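What follows draws every value from the coordinates through simple rules; no lab data is involved. On a predicted model such as this, the values are computed, not experimentally measured, just so you know. No Cβ is skipped: glycine too gets one built from the backbone with ideal geometry, and neighbour counts run over all protein chains shown.
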Amino acid sequence: MATPPKPAAPRMTDAQRAYEAKRAAKNGMSLEKWLAAKEKEREEERRAMTADAGRRAAEVAPPKKPGLFRRLLDRAQQPLKKQPSKPGR
């Protein structure tokens, strides 16, 4: 059995459709035009967010200080230092 293709936007309930119709009427648009404009704005916002995230990722972040375990492991790999002998011992 073939299923019908799903629309790009999720199906709205009757209450949601009525709410959007009121908003569209308030702005002097048809419901279809209003929904298309909303989707276009959402798409532009998504593009702006991805471009902004890409730009932030491209910026060079300063290297992070190693964590506690990394510092302990690094220190364990270093040779032991000779301690000066204390006078009187």
Order these peptides, 53-59, 13-19, by their mean beta-carbon neighbour count within 10 angstrom, highest first. 13-19, 53-59
Neighbour net charge for Asp52 - beta-carbon separation under 12 angstrom, K R +1, D E -1: +2
Integer Hz, Karplus 6.51/-1.76/1.60 couplings in order for segment 18-26, x for Gly and Pro: 5, 4, 5, 5, 5, 5, 5, 5, 5
Along segment 37-50, what does the Karplus equation 6.51 cos²θ - 1.76 cosθ + 1.60 (θ = phi - 60°) give for ³J(HN,Hα), rounded to whole Hz, x for Gly and Pro? 5, 4, 5, 5, 5, 4, 5, 4, 5, 4, 4, 5, 5, 5
Using a Förster distance of 35 Å, how high is the FRET efficiency between Met49 and Ala15, based on the Cβ-Cβ distance and rounded to 0.05? 0.75
Burial ranking of peptide ranges 21-33, 72-84 (average Cβ count within 10 Å, highest at the top): 21-33, 72-84
Once you list every other residue whose beta carbon is under 12 Å from the beta carbon of Glu20, what net charge do they have if Lys and Arg are +1 and Asp and Glu are -1? +3
